[in-house]
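Structure record follows, encoded as structure tokens.
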Amino acid sequence: MAKTNIYLFANWKMYLDLAESEKLAKELAKFSKKLPKKIKMAVFPTALSTIVVVKNLKNSVVGVGAQNVYFEDKGGFTGEVSALMHKYAGAKYALVGHSERRHLFHETNHEVKMKMEAVLNAGLMPVLCVGETAKEREDRKTEETIEIQLRSALHELNLNKTKKLIIAYEPVWAISKGTGVNDAGKHCDSAEAERLHQFIKNTVRQLLKGIEPIVLFGGSVRPNTAKEYLQKPNIDGVLVGAASTHLDSWKDIVHNAR
Ligand code: PGA
């Protein structure tokens, strides 16, 4: 069955500086004029570039999101930016618990939960990221890890009026530093991704009654692999890092998604 919506989310990480972010936003504003309605696109620039990117995409269908937020609204928290501040800057979405936040910056499940609450209270749409490391996979703890992450982030969560919830499945072992394969040369094939997307949907449906989860795949998606993932029934979209930061490769991903 053809999908009603396809979510194409571009996590620019710390790849683009202010001028580069502005340039890509301008190009996307033009490119997105011809997008089919079912494509829901969003970009996640650095906090420093958010206002400029929002300004350039204001009259387009492309949404803007935060890569990370702090869970307090204001105060003495040097170096942090709150969910509310991102909202005032024009963001619509926020990534919560991205694998790089969890593993490079040691963000805990407890912090992820507090960020989920702050994001929802600020009126942003969270994109909750979950996924197992290579060690957890080797130890056959893939499902257990994902379930703990989901339970902890979603337990008694007040989704306000939101009936949708966006989750990104990121197999940490398959995320590259921009090369398309991880250090050990592994990638998560589409059948395995589909299996875990189904698992995530079933778990979320049990945890939050009446919520229909949207699950995006975020494991080194490239122009030549996007189509295969998006053809799977439970993969509703992709969260792309490195390949989303160049206009040409991002255009190819969008074309392959149609
Ligand atoms: P990548 O990042 O596409 O650069 O591997 C994916 C992610 O971190 O979600």
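The values are calculated or read from the model by the stated rules, or taken from the named source; none is laboratory data. Not measured: the values here are computed from a predicted model. Every residue, glycine among them, receives a Cβ derived from its backbone with ideal geometry; neighbour counts consider all protein chains shown.
Among residues belonging to the stretch 50-76 that are in a loop (DSSP other than H, G, I, E, B) and farther than 13 Å from Lys115 by Cβ, point out the one that is modelled with the lowest pLDDT. Walk me through how you get there before you give the answer.
In the first step, residues of the stretch 50-76 are kept if they are in a loop (DSSP other than H, G, I, E, B); the result is 58-62, 67-69, 71-76.
Then drop every residue that is not farther than 13 Å from Lys115 by Cβ, which leaves 58-62, 74-76.
Details: Lys58: 96, Asn59: 93, Ser60: 97, Val61: 97, Val62: 98, Lys74: 97, Gly75: 98, Gly76: 98.
Among those residues, the one meeting the criterion is Asn59.
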Taking the stretch 160-175 and keeping residues under 17 Å from Lys13 (Cβ atoms) and touching a helix residue (DSSP H, G or I) at 6+ places or on another chain (Cβ under 7 Å) leaves Glu170, Val172, Ile175
Being without any contact (Cβ under 8 Å) to a residue 60 or more places away in the chain and either of a type outside the set (Lys, Arg) or on the phi > 0 side of the Ramachandran plot (or both) narrows Ala10, Ala47 down to just Ala47
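Restricting the search to the stretch 1-22, which residues are of a type in the set (Asp, Glu) and exposed (fewer than 14 other Cβ atoms within 10 Å of the Cβ)?
We begin by selecting, within the stretch 1-22, every residue of a type in the set (Asp, Glu); these are 17, 20, 22.
Within the stretch 1-22, Asp17 is the sole residue that qualifies.
Provide a single number: the residues in the stretch 200-235 that are part of a strand (DSSP E or B) and modelled with pLDDT under 95.
Narrowing the stretch 200-235 to residues part of a strand (DSSP E or B): 212-217.
Right, trim to modelled with pLDDT under 95 and you get 212.
Result for the stretch 200-235: 1.
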Expected single match for within 24 Å of Glu132 (Cα to Cα) and modelled with pLDDT of 95 or more among Ala94, Ala83, Ala89 is Ala94
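Of His187, His197, which residue is assigned to a loop (DSSP other than H, G, I, E, B) and within 16 Å of the ligand (Cβ to nearest atom)? Spell out the reasoning first.
Values: His197 fails: assigned to a loop (DSSP other than H, G, I, E, B).
His187 is the lone residue from the list that is assigned to a loop (DSSP other than H, G, I, E, B) and within 16 Å of the ligand (Cβ to nearest atom).
Being touching a strand residue (DSSP E or B) at 6+ places or on another chain (Cβ under 6 Å), among the hydrophobic types (A, V, I, L, M, F, W, C) and within 26 Å of Thr108 (Cα to Cα) narrows it down to one of Ala168, Ala174, Ala242, so name that one.
On the way: Ala174 fails: touching a strand residue (DSSP E or B) at 6+ places or on another chain (Cβ under 6 Å); Ala242 fails: touching a strand residue (DSSP E or B) at 6+ places or on another chain (Cβ under 6 Å).
It is Ala168.
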Q) Given the structure, is Val53 out of contact with any Cys (no Cβ under 6 Å at 6 or more places or on another chain), of a type outside the set (Asp, Glu), free of Cβ contacts under 8 Å to residues at least 60 places away in the same chain and within 21 Å of Asp248 (Cβ to Cβ)? A) yes
Per the filter on the stretch 137-150, residues touching a residue at least 24 places away in the same chain (Cβ under 8 Å) and either surrounded by 15 or more Cβ atoms within 10 Å (Cβ to Cβ) or on the phi > 0 side of the Ramachandran plot (or both) are Arg137, Thr142, Glu143, Ile146, Glu147, Gln149, Leu150
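Please specify each residue of the stretch 103-136 satisfying the condition of being touching a residue at least 40 places away in the same chain (Cβ under 8 Å) and not in a helix (DSSP H, G or I).
Taking the stretch 103-136 and keeping what is touching a residue at least 40 places away in the same chain (Cβ under 8 Å), we get 103, 109-120, 122, 124-134.
Ala122, Leu124, Met125, Pro126, Val127, Leu128, Cys129, Val130, Gly131, Glu132, Thr133, listed by residue number.
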If we keep only residues of the stretch 68-91 that are buried (at least 17 other Cβ atoms within 10 Å of the Cβ) and hydroxyl-bearing (Ser, Thr, Tyr), then the residue farthest from Arg102 (Cα to Cα) is Ser82
Any chance Lys58 is of a type in the set (Lys, Arg) and over 17 Å from the mean Cα position of the chain (by Cα) = yes
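Whether any residue in the stretch 68-82 is within 27 Å of Ala174 (Cβ to Cβ), out of contact with any Leu (no Cβ under 6 Å at 6 or more places or on another chain) and within 16 Å of the ligand (Cβ to nearest atom) is what I want to check. Steps first, please.
First, pick out the residues of the stretch 68-82 that are within 27 Å of Ala174 (Cβ to Cβ): 68-69.
Checking which are out of contact with any Leu (no Cβ under 6 Å at 6 or more places or on another chain) leaves us with 68-69.
Narrowing the set further to residues that are within 16 Å of the ligand (Cβ to nearest atom) leaves 68.
Yes; the residues of the stretch 68-82 include at least one that is within 27 Å of Ala174 (Cβ to Cβ), out of contact with any Leu (no Cβ under 6 Å at 6 or more places or on another chain) and within 16 Å of the ligand (Cβ to nearest atom).
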